[in-house]
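A short worksheet on the structure shown next.
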Amino acid sequence: NVGYTSCPDWVVDAAHEEAAEGGQCAPWFGYEDEDDDECTPGYWAVECRDDGHLWRAENCASCEDCSPVYDLTEATEGQYTCEPGTSPIVYYDWGVYVGEIAECNYDDCSEDEDEDDDECLP
């Protein structure tokens, strides 16, 4: 990685371009076709733990069966955190207030038709 702490965007872009053209990317590179939407309809849930960690579960059959098992705060090295005891959950991106999210929602995998809505869930 020649002194970089992570790959610069131009390196990643070049690798994706080469892979799209049938290049010799290593099998672990994980090239994904941008037209291949792998969304699975289902419920997803979030939970704010007492330590401010935001936990998530997805692809559940119902809200009742959707117990968060994925520590999003840990996985993102602290990028996403939350304010314990809030409902809807108040969450932050690198310490900056982002908004509120409900504890459980349903994703039907349809595209968001409201392009003015900038709210994004981690």
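Protein-only accessible surface at a 1.4 angstrom probe places the residues TYR43, TYR70, TYR91, TYR80 in the order TYR70, TYR43, TYR80, TYR91, largest first. Among VAL69, VAL98, the order of accessible area from largest down is VAL69, VAL98, computed with a 1.4 Å probe on protein heavy atoms.
Taking the Cβ of ASP71 as the centre, find all other residues whose Cβ is under 15 Å away and add up their charges (Lys, Arg: +1; Asp, Glu: -1).
Every neighbour counted, the sum reads -4.
Express the carbon and sulfur contribution to the solvent-accessible surface of segment 38-85 as a percent, rounded to the nearest whole number, probe 1.4 angstrom.
Roughly 43 percent of what the probe reaches on segment 38-85 is carbon or sulfur.
Cβ-Cβ distance of ASP107 and ASP65, R₀ of 25 Å, FRET efficiency by 1/(1 + (r/R0)^6): the value works out to about 0.95.
Counted by Cβ distance under 11 Å from TYR80, the other residues give a net charge of -3, where Lys and Arg count +1 and Asp and Glu count -1. With a Förster radius of 22 Å applied to the C-beta separation of THR40 and GLU100, the computed FRET efficiency comes to 0.30. Shown here for segment 65-103: GluC sites (Glu not before Pro) in loop regions (DSSP other than H, G, I, E, B) with at most 16 other Cβ atoms within 10 Å, namely GLU77, GLU103.
The values are calculated or read from the model by the stated rules, or taken from the named source; none is laboratory data. The shown structure was predicted, so the numbers you read here are calculated from the model rather than taken from an experiment. Here the Cβ is made from the backbone with ideal geometry for all residues, glycine too, and neighbour counts use every protein chain on show. All accessible areas refer to the heavy atoms of the entire protein, side chains included, with ligands and DNA or RNA removed. Shrake-Rupley method; radii C 1.70, N 1.55, O 1.52, S 1.80 Å.
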